[in-house]
1. Condition first: modelled with pLDDT under 90 and among the hydroxyl-bearing types (S, T, Y). Now tell me which residues in the stretch 202-234 satisfy that.
2. Is it true that some residue in the stretch 172-191 is under 30 Å from W83 (Cβ atoms) and surrounded by fewer than 17 Cβ atoms within 10 Å (Cβ to Cβ)?
3. Could you check Y123 against (1) modelled with pLDDT of 85 or more; (2) assigned by TED's automatic domain parsing to the domain that holds W95; (3) more than 20 Å from the chain's Cα centre (by Cα) and say which number it fails?
4. Against the conditions (1) in contact (Cβ under 8 Å) with a residue 40 or more places away in the chain; (2) in a helix (DSSP H, G or I); (3) surrounded by 13 or more Cβ atoms within 10 Å (Cβ to Cβ), where does V117 fall short? Just the number, please.
5. I need the full set of residues from the stretch 92-113 which are at pLDDT 85 or above and over 17 Å from the mean Cα position of the chain (by Cα), in order please.
6. For W97, all conditions in the list (1) in a helix (DSSP H, G or I); (2) touching a Pro at 6+ places or on another chain (Cβ under 8 Å) hold save one; what is the number of the exception?
7. Count, please, the residues in the stretch 172-207 that happen to be more than 22 Å from G139 (Cβ to Cβ) and touching a Phe, Trp or Tyr at 6+ places or on another chain (Cβ under 9 Å).
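The values are calculated or read from the model by the stated rules, or taken from the named source; none is laboratory data. What you are looking at is a predicted structure, and each value in this text was computed from that prediction instead of being measured. Cβ coordinates were reconstructed from backbone atoms using ideal geometry, including for glycine residues, and neighbour counts include every protein chain displayed.
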Amino acid sequence: MPYCVHCGVELDATAAFCPLCHTKVLDLSQLPDPAAAQPFPTQRGEVAPVAKQELALLITAMLACVAACCGILNLFLRPDRGWSLYVIGAAVMLWLWIVPPLLARGMHLLLRLLVDVVAVGLYIYLISVDLDGKAWFWGLAAPIILWGGAVLLLLGLVLRVYRRSVITTLTILIGSLGVFLFGVEYLIDHWLCAAWEPSWSLVVLTICVGLVIPLIIVRRIPSLREEARKRFHL
């Protein structure tokens, strides 16, 4: 086996140049054979991308198979309980989350959010059917789901308007979390007591505000913003 005169790496008998430092091989006693098999690929290959329709069909088949198997098993295992509804609802929810956005990459934000909210609502509704709790679904779960969808819609619209820096995104996310939990406690109090007595949500909202204010200051002052990016690799 020859060796490179420049870097000393061991060379293959078919090598006309060093694969490490690209130094030309000059060995008159053993000339390279260009017709011999190369020890490494000479052309760059690419894996063909999977068609979105085929991937969507595969995901649909997997989720449908899981839902059908659990539904059949429910006929023999605890037939007095509709436990398979939990699995079927989760499969439907995952399908609505994954397949429509996969097939329609340019789906409008409002339409995509509507599909996600419907998926979550359908899953919770199936759980309420098993637990005989349609009253709490329509009185509590559905309003919370709609409130969460409204907060997510506002979050998506705000993130589209503002530049998507890490500090800006983190500020908006923390603020949205505080507003969402504040509304959740209002809906819970209204359902249980028909009166609003804010308690834990005020603590969470205060913490979120306490985190948001320094982030806004850091974002407004260029020197602090650059220092935060360097320190925290933002």
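1. S223
2. yes
3. So the condition that Y123 fails would be (3).
4. Failing condition for V117: (1).
5. The answer is V92, and nothing else.
6. Condition (2) is where W97 drops out.
7. 4
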